[in-house]
Amino acid sequence: MFERPASGERAVLVQLDLNQGLLEERLSELRLLVESAGASVEGVVSGRRARPDPALFAGRGKVDEIGETLRACDADLVVFCHALSPGQQRNLERALQCRVVDRTALILDIFALRARSHEGKLQVELAQLEHLSTRLVRGWTHLERQKGGIGLRGPGETQLETDRRLLGLRVKTLKERLAKMRKQRHTRRKGRARGEVLSVSLVGYTNAGKSTLFNALTKAGAYAADQLFATLDTTSRRLYVGDAGNVVISDTVGFIRDLPHALVAAFQATLEETAAADVLLHVVDSASEDRDAQIEAVNQVLREIGAGDVPQIMVYNKIDLTRAPAAVKRDECGNISSVFLSATKGQGLTLLRSALAETAHDVAIVERAASQEFRDQQFEQL
């Protein structure tokens, strides 16, 4: 096992062109991810391949180049902008004699750094264990010490089998705890539904400014920073929007392209808050050149979690950087489709509150009409 330095690590990034497109944006995002994890980027190795090498992903010649860059930069970590198989990761670590991390493990590491609530920590631990279970060699004996050890190992059972069994028990325990929290969350949502309060969830690409907007609207003081995945834990607040009364607005975890499936599964309880919302405020970094791809990445995750059909209002944030005016745009039916604002400068916040009030009013009308139709049908059946 390679030791993780106490001080910041020095990383070499590896990105290969496998015809997936957006190479500069992906590399820039990887750099931000590495820096968010507390490491410094000392070098970049790039190349082009028709398909990944089964054993080393990058091929022998490229691995030699990575080794030379490692030595030249005096780096101690290699980060791939791709998902590596367990075999590829082990082979690369043997060849390079240093820790090798893929994009999935890097995102999981950042989530572990950011998790603050008890539920958030449990979700991250579950995602990490399920990801690392495929890479298990001999790294889980600390779980045996936590359980006491004596009497746990069966006759003839190998250390690896013991570690796998203990890992499985821990995963089962985490899933049971999260299922209980999921049930509690469902109960709270039912209570809000009975109160006929509009439920609004902020969604968007990581670092689009969701928490900053949430704080600007609610004065909640939620953690906000110019870094990837600053928010992991869902925070909900009531927001008064004038004649329409109150709405409940929730700040949720940011999304990213190719979000690891282990994270989507582990954060199911949190992401259900998004799927159960009446309307989504899809926050977009309007100053990003990659915004169209980021919008599609968010919509892809929303489809995965069953929130693809929830109505959206696009919120184009950071207009102070693009010098666009605060504005509201409507679709061909006259419904609000997008709001342009700056959460940090406060520009356009009044427009967004008005948009939420109008939406709450429209939803209330639809719900009353549906309720009346139901009562009429019941009356006809009598």
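The values are calculated or read from the model by the stated rules, or taken from the named source; none is laboratory data. Please read all numbers here as calculations on a predicted model, not as lab measurements. All Cβ positions, glycine included, derive from the backbone under ideal geometry; neighbour counts span all protein chains shown. Side chains are part of the model used for accessible areas, which takes the heavy atoms of the whole protein and leaves out ligands, DNA and RNA. Shrake-Rupley method; radii C 1.70, N 1.55, O 1.52, S 1.80 Å.
Values as computed for the structure displayed
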| read-out | value |
| --- | --- |
| Segment 186-219, subset in contact with a helix residue (DSSP H, G or I) (Cβ under 9 Å, 6 or more places away or on another chain) and at pLDDT below 70, residue least open to solvent (accessible area, probe 1.4 Å) | ARG189 |
| Output for segment 60-81, where each listed residue is touching a strand residue (DSSP E or B) at 6+ places or on another chain (Cβ under 7 Å) and not aliphatic (A, V, I, L, M) | LYS62, GLU65, THR69, CYS73, ASP74, ASP76, PHE80, CYS81 |
| Elements of type strands (runs of 3 or more DSSP E) in segment 302-382, at least 3 residues being at pLDDT 95 or above and not small (Gly, Ala, Ser) | 312-317 |
| All positions within segment 318-349 that are among the basic types (Lys, Arg) and touching a strand residue (DSSP E or B) at 6+ places or on another chain (Cβ under 7 Å) | LYS318, LYS329, ARG330 |
| Whichever residue in segment 30-74 is open to solvent by less than 20 Å² (accessible area, probe 1.4 Å) and in contact with a Cys (Cβ under 8 Å, 6 or more places away or on another chain) and, among such residues, is modelled with the lowest pLDDT | LEU30 |
| Which listed residue is over 30 Å from GLU296 (Cα atoms), of a type outside the set (Gly, Ala, Ser), at pLDDT 85 or above and open to solvent by less than 20 Å² (accessible area, probe 1.4 Å), from LEU174, LEU169 | LEU174 |
| LEU13 being more than 12 Å from ALA75 (Cα to Cα) and either touching a residue at least 24 places away in the same chain (Cβ under 8 Å) or open to solvent by 10 Å² or more (accessible area, probe 1.4 Å) (or both) | no |
| Considering residues of segment 289-316 that are surrounded by fewer than 20 Cβ atoms within 10 Å (Cβ to Cβ) and among the small types (Gly, Ala, Ser) only, the residue farthest from THR252 (Cα to Cα) | ALA293 |
| Residue match in segment 317-326 (condition: in contact (Cβ under 8 Å) with a residue 24 or more places away in the chain and open to solvent by less than 10 Å² (accessible area, probe 1.4 Å)) | yes |
| Where LEU160 falls short, out of the listed (1) surrounded by fewer than 17 Cβ atoms within 10 Å (Cβ to Cβ); (2) at pLDDT 80 or above | (2) |
| Inter-residue pairs, beta-carbon under 6 Å, first within 25 Å of GLU9 (Cα to Cα) and in segment 36-63, second of a type in the set (Asp, Glu) and assigned to a loop (DSSP other than H, G, I, E, B), 6+ apart | ALA39/GLU9 |
| Search result, residues across segment 248-270 that are crowded, with 23+ Cβ neighbours inside 10 Å, outside any loop (DSSP other than H, G, I, E, B) and at pLDDT 75 or above | ILE249, ASP251, PHE255 |
| Condition check for LYS121: part of a helix (DSSP H, G or I), basic (Lys, Arg) and more than 20 Å from the chain's Cα centre (by Cα) | no |
| Residue list for segment 70-104, filter: in a helix (DSSP H, G or I) and over 20 Å from LEU18 (Cα atoms) | LEU70, ARG71, ALA72, CYS73, ARG90, ASN91, GLU93, ARG94, ALA95, LEU96 |
